[in-house]
Amino acid sequence: MSDHDQLLVIVDPVARRSDGESVRIAKDVLSAGAETKICLPDSPEEFSRALARRGSRRPVLLGDDRALLRTVALLHRERELAEGGLSLVPIGAPDALELAHALGVPRSTPAAARTVLEGTVRRLDLLVDDSDGVVLGDLRIPGGPAAPKPASAAPTVWGTCRSLVRTLVRPAPTALAVRTHRLRVEADGVLLADVDTPLEGLTVRSAGGSATVVVHPAAAPPRYATARTLTVSGPDFRYRADGRVTGPVRRRTWTSRANAWGLTLPRD
């Protein structure tokens, strides 16, 4: 990191509320190693204004996956992703940091803050859809909300008895029901599946400048393809991108963009 490098440290409000101690540690490490300007936005609008007014300062985000996605989406809409790189210190609940860790950002707060100061910017691929949305990691179709976890409670004698009775009287399952979907899938104009072929779903990931597509027919082996552009259409469907569910939509096209954005990661 250059002696003249200046940082704009944007602290997501969720990070401040959920883990103020980690925020303090990150700020201390960053301030000890570089000239920093700390910004504490209280709303998405203030977050956007702070990012837009960064000038020559390198943006450093203290927050979770949702804050990272919001930042990349803002820079994409402003057509500023090609300029420099973004740095992240992941702060939040473990299940809200899965994307950051999958991208290679260190898990511990001190290590992530030191990576901001000592790491290197690596260019990463991006999926951009026809509504100007972005996908940093995995895309899955269809997507649905995660099943809510039951509230934890201490086991009781009556609860154990009821559970045992349900187990004894429940009929043995004959087969697992698999929900299928009728979608038209085209990769670079090549038809991979049509609405007359039931699908369990498909998965997409952008890497090496192309999207790797895996189609899962209901009664056939998976089909694999690589393409720059993927179009999915059919009856209303939802999709899960970077853990977020979007839809329903009837048609969506994604385009893979190589080396579209930069993230500071540890040196090899």
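The values are calculated or read from the model by the stated rules, or taken from the named source; none is laboratory data. As the structure is a prediction and not an experimental result, all values here were calculated from the model. Note that we place each Cβ from the backbone using ideal geometry, even for glycine, and neighbour counts take in every protein chain shown. What goes into the accessible areas is simple: the full protein's heavy atoms, side chains included, and nothing from ligands, DNA or RNA. Shrake-Rupley method; radii C 1.70, N 1.55, O 1.52, S 1.80 Å.
To one decimal place, what Kirkwood hydrodynamic radius in Å is obtained for segment 1-47 from all pairs of distinct Cα atoms? Before the final figure, lay out the partial values.
Details: mean 1/r = 0.0875 Å⁻¹.
When all Cα pairs of segment 1-47 are included, the Kirkwood radius is 11.4 Å.
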Rounded to the nearest 10, the angle in degrees between the Cα long axis of helix 65-77 and the longest principal axis of the Cα atoms of the chain comes to 70 degrees
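Using only the Cα atoms of segment 1-138, build the gyration tensor, take square roots of its eigenvalues as a ≥ b ≥ c, and label the shape rounded, prolate or oblate: rounded if a/c is under 1.5, else prolate if a/b is larger than b/c, else oblate. Before the final figure, lay out the partial values.
Details: a/c = 1.34, a/b = 1.21, b/c = 1.11.
Rounded shape, in that the Cα axes give a/c under 1.5.
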Computed about the Cα centre, the charge dipole of the chain from +1 Lys/Arg and -1 Asp/Glu charges at the Cβ has a magnitude in debye, to the nearest 20, of 680 debye
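Quick one: grab the alpha carbon gyration tensor of the chain, order the square roots of its eigenvalues as a ≥ b ≥ c, and give me rounded if a/c is under 1.5, else prolate or oblate depending on whether a/b is larger than b/c. Can you show the working numbers first?
Numbers: a/c = 2.52, a/b = 1.36, b/c = 1.86.
Oblate is the answer for the chain, as a/c is 1.5 or above yet b/c matches or exceeds a/b.
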Quick calc, Ser18 & Glu80: beta-carbon distance into FRET formula, R0 35 Å, rounding 0.05, result 0.80
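In cubic angstrom, how much convex hull volume per residue do the alpha carbon atoms of segment 33-85 span? Present the calculation step by step, with values, prior to reporting the outcome.
Numbers: hull volume 5.0 nm³, N = 53.
Output value, Cα hull per residue: 94 Å³.
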Tilt, helix 20-33 to longest principal axis of the chain (alpha-carbon atoms), in degrees rounded to tens, equals 40 degrees
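At 222 nm, what value in deg cm²/dmol follows for the chain if DSSP H runs of at least 4 each add -39500 (n - 2.57) and the sum is divided by all its residues, to the nearest 500? Before the final figure, lay out each step's value.
Details: 7 runs with 71 residues, N = 268.
The helix-only estimate for the chain comes to -8000 deg cm²/dmol at 222 nm.
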A 1.4 Å probe over the protein heavy atoms gives the chain a carbon and sulfur accessible-area percentage of 52 percent
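Which value, in Å², gives the accessible area per residue of the chain when a 1.4 Å probe is used on the protein heavy atoms? All intermediate terms of the calculation are to be shown ahead of the outcome.
On the way: 14880 Å² over 268 residues.
Per-residue accessible area for the chain comes out at 56 Å².
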Of 185-195, 133-143, ordering from highest average Cβ density within 10 Å down gives 133-143, 185-195
Among Thr71, Ser18, Ala34, the residue whose Cα sits farthest towards the positive end of the charge dipole of the chain, when +1 is placed on the Cβ of each Lys and Arg and -1 on the Cβ of each Asp and Glu, is Ser18
